[in-house]
Every structure is written in C-alpha cells, then in structure tokens.
Amino acid sequence: MWIKHKPPWELPESEATPESVWRGRRQIIKSLGFGAAAFGLLAGACREGVPNKLFKSGAQGDKEAIIVPNVLWSDQFPAERNNTYQLDRELTPEAVNATYNNFYEFGSHKTIWEDAQALSLSPWKITIDGMVTREKSLDVDELIRRMPLEERLYRLRCVEAWSMTIPWTGFPLAELIKFAEPTSQARYLRMETFMDKDVAPGQTQSWYPWPYVEGLTLEEASNELALIAVGTYGHVALKQHGAPLRLVVPWKYGFKSVKSITHFTFTDKRPVSFWEQSQGSEYKFWANVNPEVPHPRWSQASEKILHTGERVPTQIYNGYAEQVAHLYKDMNLPDEDLYR
Ligand code: MTE
C-alpha cells in the first residue's frame, strides 16, 4: 500500500505563515491600493514563510564541490552562447550553485554534492521507447554528439521560493523528439532517472516512488525553451546537477527538471510524476510558476535570490510568458492544477 510522505524540503508547519494570515495581508494591501509599492510588506510575509536556514548552507559556496566529470563528450565544450535568452539579474556564482542542490537519490539535505560523486557516467545507456517508429538504445556520448549544443542563460525558480540564474549547455528537447520519431498517437513524453540503490542510498527509502519520473505534454516538450542540459558554466554538467542528461524547463518549478535521465518514453497517457505521486494534493503535473497561486502552505508571490539573499517579486511563468503562455490559454483547468 502506498504511504504518503511529505518531501523533507517542505516548510515545517511551524515555520510557514498560515494562509489566512498572508491572504489577509494581501487583502489589506489591495484595499489600500498600494499595489507594487507594497511589495516590502508582502516580502515580509514571505520571509516568515521561508526560514532563513534554507539559505545558509549554500550561501557562501565551496569551490571544492566543482568537480567536473572527465567524460567522452568533454571535447564538446564550451558551446557557443545563444544570446536570445537574456537575464535580468547576475549569474549565481558556480560555487553556490554546486553546493545547494535537491537530488533525493543522494539524500534529502542540500549538500548532497559529495554523495553524488558516487554516480558513474560511463557507460550510460539512453533508451527511447514507447510510441516511436523504432525503439532506440544508445550510449549517451553518441546521443550528445548527434545533438546541436548551445549555451543558454536561464532563471531557475524552486517551489521552495528561492531562485538561481544558471548558464546551461544543452540541446533543445525538440531535437531529441525529432530524433525519436514519435508516432501520431504520442501525446506525452515521460522521462525517468537511473535506478541503482547501491549508488544512490536515497532510493532505499521505500516511501518514495522511485525512480524519479517527470513528464511533459509533447507541445511543452517541443517548446523552444525546453532544454536537455549536458553542461553548466561552460563545462560538463556536475554530477550533483544531474549529469549526464537533465531536463531544464525554466517556466516551471524546479522539481519538473528531472536529473540523470536514462529513459525517454513517448506515450498517450499522462505520466504521474514523482512528487505528484508522493503528495498529489500539493504538487501537480503542470507546476507552472505563478506568483498569484500560493503553495497550499506558503506564498509564491516572491522569491529569494539565493546568493544575495535579496527578495524579488516572482514573475508569471518565471518571466517566460512570451514563450509559453499560449500553451495553456485554452485549458479549462483550475489555477490550483495549472500552477502547482
Ligand atoms: N531530479 C531527480 N532525479 N531527483 C531529485 O531529487 N530534484 C528536483 C529537480 N530534479 C530532483 C530532480 C528539484 S526539487 C529541484 S529544485 C531541482 O532538481 C534542483 O536542481 P539543482 O540541484 O541542479 O539546482
């Protein structure tokens, strides 16, 4: 029988601002007509909702954690930057990005970088199956060499209300879809992480639905923003970031960006993702960023820039509305489904 288990990264009840409290504050601000000028007050409410201890461990960073894997595809770096994707804030220092991670296969704390070094990247087989013209199984090196690599600067917004800005190297997921040749019945792409309890002790925790799975509609997966990352900061992706292949969908909460993928499966059934299965009342399939739709136990109105500690307003679709809003405009889904 499945036992529901809350993700450890959730805010403890004692530290979360009760919804009635911050909803009440928003109502007051609205009725006073303060609008954006009242952000300071809202931010105060959010700060109470997100304990500072979440940000301490990685705030300074640790250069020792930047252990660049030496792999067959190392010669593909650096890739040329695609300047279409500009940022409104400075990049997160790599030492911070490398020491503040979520990768439950290696533990439920943020400093899993050392444990993640146990991951062996070769051999690494990729399977492409399901509703495709012909199933494929190939070495990750072969797949990467077939794909056009580029660098893109993206924001990353975690559901925990912190954010980073990261230079990813990768290829458009649309290119992998082209290579996979899905049949006309395929509607979703399901992506699955490796499964190896000897390497990843977190996978012995039987209350989680291992392996980690995520999914997108084919329209989402074909969107120009959807990237399969193979690198960060101009070199091969670090193991803690989900080498060798990791999804990046910057308009969605970070938990959608599944790490260390081994399987791409095309299907006509909507995949049930890892956190949706673990706690479906709070984490949904769509998980699009929206400052107006709170997590059931804390506000999403603002976010903390991890390395500066600055709190800034969260943007709809994490600032990528121009590229993705059309995907959802005719969906008659409640906000609580589309934006959680
Ligand atoms: N993928 C796997 N396989 N396992 C995980 O625990 N955590 C997710 C996502 N992808 C996770 C995962 C969450 S909750 C976040 S916020 C991002 O990875 C964090 O990515 P980062 O550690 O590279 O910043």
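With a 1.4 Å probe rolled over the protein heavy atoms of all chains, the accessible area of Ile228, Ile66 falls in the order Ile66, Ile228, largest first. Database remark: amide H of Tyr154 closer than 5 angstrom to the amide H of Ile166, Trp168 (H placed geometrically; neighbours at sequence offset of 5 or more, or on other chains; Pro and chain starts carry no H). Holding the Cα-Cα limit at 30 Å, pick out from Lys178/Lys329; Lys136/Lys329; Lys197/Lys329; Lys63/Lys197 the pairs that are longer than that. Checking Cα-Cα distances, Lys136/Lys329; Lys197/Lys329 exceed 30 Å. For the pair Arg146 and Ser184, label points projected 7 Å from Cα toward Cβ lie 2.4 nm apart.
Surface calculation, 1.4 Å probe, protein heavy atoms: Tyr328 sits at approximately 10 Å² accessible. Each of Ser137 and Met195 was given a label point 7 Å from its Cα along the Cα-to-Cβ line. The distance between the two points is 1.5 nm.
Could I have the simple spin-label model distance between Leu87 and Glu114, label points 7 Å from Cα toward Cβ, reported in nm to one decimal? Reported label-point gap for Leu87 and Glu114 is 2.8 nm.
For segment 104-209, applying the loop criterion from DSSP together with a ceiling of 10 other beta carbons within 10 Å to the trypsin sites (Lys or Arg not before Pro) yields Arg134.
The values are calculated or read from the model by the stated rules, or taken from the named source; none is laboratory data. The structure displayed is predicted, hence computed values, not measured ones. Neighbour counts are summed over all protein chains in view; Cβ atoms, including those assigned to glycine, are modelled from backbone coordinates with ideal geometry. Note: accessible area is taken over every heavy atom of the protein model, side chains too, but ligands, DNA and RNA are not part of it. Shrake-Rupley method; radii C 1.70, N 1.55, O 1.52, S 1.80 Å.
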